[in-house]
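Reviewing the structure listed below.
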Amino acid sequence: MPSSIDLSGRTALVTGGAQGLGEGMARALAAAGASVVIADLRDDQGAAVAAAIGGHFVHLDVTNELSWQAAIAVAVETGGLDIVVNNAGIEISSLILDLEPDDVRRMLEVNVLGTALGIKHAFRAMRPEGPAGQGGVVINVASVAATIAFPAIAGYSATKSAVDRLTRVAAMESGKLGLGVRVNCIYPGLVPTEMGAGLANDMAELGLYPSPTDAVAAVVELTPSGRLGTIEDMADAVVFLASDHAKFVNGVGLPVDGGMGM
Ligand code: NAI
């Protein structure tokens, strides 16, 4: 994808970049000229995407501090760390009536702890002033589920609201400590990735809609733009937030949902 935004000279690390939204974000950041490190649990897939975009792959479990240290070191070795996209996440659907504590714990670990550790290690590793005289950028991936209620995703929604709050506090601390790192998050609407398609299936299986197609239709009905989101929609927003075009955009949650969450 040709890009009018120039991120050349910058290094970006994208968690969960082996597939889905993270892969699209990694591809778009690379197309804009950034050197991209894909960090994911899925080694073969992640390495294949990295090879396709001329980037690097590093194994990362976002819930593990040592794993973060190793991943950040790889990014720093490529020339310094400028952009971190905390995209890795999981969704385990359930009605509250049937909530499994271990499922909620796992979502909290990956979505909340994983994002918090990503911010921590980004703050520690980012150079105060990047190649274009601009500090680092952290972009967290929350969800429209942080802003509106949808059945069967109580635990997930709670974790994504937490990602939203983490974002604001991180932006505030960066300012107070003079770190020069902008921290923002996006709220994607439903995108038919493995996770998004899985969610539509779960809603049908839980009896909330007659079929996955009906679940998707209900989302589209709630969306003024009249369609689901695409991977490119999310990638474009991330490239914008990573760029100097967003240099005064800090501590925000940007809906990228066709208006669904308004
Ligand atoms: P996906 O399930 O297709 O991909 C998630 C990626 O994260 C996978 O490559 C997986 O290996 C990686 N991952 C999972 N746990 C990890 C861990 N502990 N450490 C490192 N990597 C890990 O999901 P998708 O749809 O691409 O979602 C990406 C992000 O966007 C997630 O945070 C998700 O919650 C969020 N999101 C997705 C929406 C959708 O409709 N697809 C809507 C709103 C938000």
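Looking at Ala197, Ala149, which one is within 13 Å of the ligand (Cβ to nearest atom), without any contact (Cβ under 8 Å) to a residue 24 or more places away in the chain and either surrounded by fewer than 22 Cβ atoms within 10 Å (Cβ to Cβ) or not aliphatic (A, V, I, L, M) (or both)? Break it down into steps so the answer makes sense when it comes.
Details: Ala149 fails: within 13 Å of the ligand (Cβ to nearest atom).
Exactly one of Ala197, Ala149 is within 13 Å of the ligand (Cβ to nearest atom), without any contact (Cβ under 8 Å) to a residue 24 or more places away in the chain and either surrounded by fewer than 22 Cβ atoms within 10 Å (Cβ to Cβ) or not aliphatic (A, V, I, L, M) (or both), namely Ala197.
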- request: Kindly state which helices (runs of 4 or more DSSP H) lie completely within region 10-98 and contain at least 2 residues that are without any contact (Cβ under 8 Å) to a residue 40 or more places away in the chain, near the ligand (Cβ under 10 Å from one of its atoms) and assigned by TED's automatic domain parsing to the domain that holds Ala154.
  value: 43-53
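Within region 114-128, is there a residue that is outside any helix (DSSP H, G or I) and surrounded by fewer than 18 Cβ atoms within 10 Å (Cβ to Cβ)? First the steps, then the outcome.
Looking only at region 114-128, we keep the residues that are outside any helix (DSSP H, G or I), and these are 126-128.
In the following step, the residues that additionally are surrounded by fewer than 18 Cβ atoms within 10 Å (Cβ to Cβ) were identified as 127-128.
For region 114-128, residues outside any helix (DSSP H, G or I) and surrounded by fewer than 18 Cβ atoms within 10 Å (Cβ to Cβ): present.
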Conditions (1) at pLDDT 95 or above; (2) part of a loop (DSSP other than H, G, I, E, B); number of the one not met by Leu108: (2)
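Kindly check whether there is at least one residue in region 97-112 that is among the polar types (S, T, N, Q) and surrounded by fewer than 18 Cβ atoms within 10 Å (Cβ to Cβ).
Here is the first cut: in region 97-112, the residues among the polar types (S, T, N, Q) are 111.
After this cut, where a residue has to be surrounded by fewer than 18 Cβ atoms within 10 Å (Cβ to Cβ) as well, the list is none.
Taking every residue of region 97-112 in turn, none turns out to be among the polar types (S, T, N, Q) and surrounded by fewer than 18 Cβ atoms within 10 Å (Cβ to Cβ).
Determine whether Gly9 is surrounded by fewer than 17 Cβ atoms within 10 Å (Cβ to Cβ) and at pLDDT below 95. Give the derivation first.
Working: surrounded by fewer than 17 Cβ atoms within 10 Å (Cβ to Cβ): yes; at pLDDT below 95: yes.
The answer is yes for Gly9.
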Pairs with Cβ under 9 Å, 6+ apart, first in region 204-232 and buried (at least 16 other Cβ atoms within 10 Å of the Cβ), second part of a helix (DSSP H, G or I) and among the aromatic types (Phe, Trp, Tyr): none
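The values are calculated or read from the model by the stated rules, or taken from the named source; none is laboratory data. This one's a predicted model, so the numbers in the text were calculated from it and none came from an experiment. Please note: Cβ atoms are built from the backbone with ideal geometry, for glycine as well, and neighbour counts cover all protein chains shown.
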